[in-house]
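Quick notes on the structure that follows.
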Amino acid sequence: MTEPTRGHDDDAPRRRVESAAWAGVVYAILAVVALGLVQSVPRGLSEAEWIEWLADAGHRRNLVVALSLSSIGAVSFLWFVAVIRRRIGDLEDRFFATVFLGSSLVYVALWLVAMAIVAAPALIYETGQPMTWDGFRLAEGTAIGILIVAAPRIQAVFVASTSTMFLRTRVVPRWLSYLGYSLAAVMFLIPIVATPVGLGLPVFVLVSSVTI
């Protein structure tokens, strides 16, 4: 009795990894859209202007949509992290793997907390109890601190550690690692002197997913 052909079965794990890599593309798209919605929130408004802006149902809906997209994007990002670990396999270095996984979890936590804070005024308004002006200013400052100061540095650590694992294991072209190092340096240094659009990590994840 002849044995069944195993060629297709041997290719199955690779196909699964390539298919799962699309999670990174999903994350990149959702992150960019969510950031775009957040960037549409005006800054420097007076109390009266802020109340008028928040009273617009369309503005509130954009904030809630941004939070929803961010939560879905966070799941896709974690799926992308699993794809990277599967791709590297037994070649994974414990030191860099720990930094890689730890920074990914910290980033997701910061990302969701910041986006929840951004959407909080809209969610509270829908309950019929508008947030106070002082509460809004505190929420705004906290969200800015996370999105502009803290999160980019965690993203930089994630990108740098991922690039190092890529370079050491050579599971992807070397140019991708060099691109990652460049993006990591920019994300780590810029928050002190400027307001980045926060596209460094989505770009890196997108390019990595397409390459995989």
* Ser71 versus (1) farther than 30 Å from Val171 by Cα; (2) at pLDDT 85 or above: which is the lone unmet condition? -> (1)
* Asked: Out of all the residues in segment 89-107, which are over 23 Å from Ser71 (Cα atoms) and under 19 Å from the mean Cα position of the chain (by Cα)?
  -> Ala97, Thr98
* To do: Could you tell me whether Leu105 is aliphatic (A, V, I, L, M), touching a helix residue (DSSP H, G or I) at 6+ places or on another chain (Cβ under 7 Å) and either assigned to a helix (DSSP H, G or I) or surrounded by fewer than 15 Cβ atoms within 10 Å (Cβ to Cβ) (or both)?
  => no
* Asked: What residue, of Phe100, Phe95, Phe136, is closer than 22 Å to Leu30 by Cβ and either touching an Asp or Glu at 6+ places or on another chain (Cβ under 8 Å) or of a type outside the set (Gly, Ala, Ser) (or both)?
  -> Phe100
* Structure fact -> Over segment 118-174, the set of residues closer than 22 Å to Val203 by Cβ, among the hydroxyl-bearing types (Ser, Thr, Tyr) and touching a residue at least 60 places away in the same chain (Cβ under 8 Å) is Ser161, Thr162, Thr164, Thr169
* Asked: Of the conditions (1) open to solvent by less than 60 Å² (accessible area, probe 1.4 Å); (2) under 20 Å from Leu201 (Cα atoms), Val113 fails just one. Which one is it?
  -> (1)
* Any chance segment 170-179 includes a residue that's within 18 Å of Asp93 (Cα to Cα), part of a helix (DSSP H, G or I) and not β-branched (Val, Ile, Thr)? -> yes
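Yes or no, residue by residue, for (1) surrounded by fewer than 18 Cβ atoms within 10 Å (Cβ to Cβ); (2) assigned to a helix (DSSP H, G or I):
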| residue | (1), (2) |
| --- | --- |
| Tyr27 | no, yes |
| Leu30 | no, yes |
| Leu45 | yes, no |
| Leu78 | yes, yes |
| Val83 | no, yes |
| Ile117 | no, yes |
| Pro130 | yes, no |
| Gly135 | yes, yes |
| Gly141 | yes, yes |
* Structure fact -> Here the residues within segment 166-181 that are open to solvent by less than 70 Å² (accessible area, probe 1.4 Å) and modelled with pLDDT of 90 or more are Leu176, Ser177, Leu179, Gly180
* **Residue count for segment 123-161, restricted to those that are more than 25 Å from the chain's Cα centre (by Cα) and within 22 Å of Gly102 (Cα to Cα)** => 0
* **Hits in segment 76-88 (condition: under 10 Å from the mean Cα position of the chain (by Cα) and of a type outside the set (Gly, Ala, Ser))** => Phe77, Leu78
* Residue tally, condition among the charged types (D, E, K, R), assigned to a helix (DSSP H, G or I) and open to solvent by 40 Å² or more (accessible area, probe 1.4 Å), over segment 47-76 -> 4
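Can you go through Val193, Val203, Val207 and tell me which one is modelled with pLDDT under 85 and either of a type outside the set (Lys, Arg) or touching a Leu at 6+ places or on another chain (Cβ under 6 Å) (or both)?
Among Val193, Val203, Val207, only Val193 is modelled with pLDDT under 85 and either of a type outside the set (Lys, Arg) or touching a Leu at 6+ places or on another chain (Cβ under 6 Å) (or both).
The values are calculated or read from the model by the stated rules, or taken from the named source; none is laboratory data. No experiment lies behind these values; they were computed from the predicted model shown. Methodologically, a virtual Cβ is constructed for each residue, glycine included, from the backbone with ideal geometry; neighbour enumeration extends over all protein chains shown. These accessible areas exclude ligands, DNA and RNA; they are computed on the full protein's heavy atoms, side chains included. Shrake-Rupley method; radii C 1.70, N 1.55, O 1.52, S 1.80 Å.
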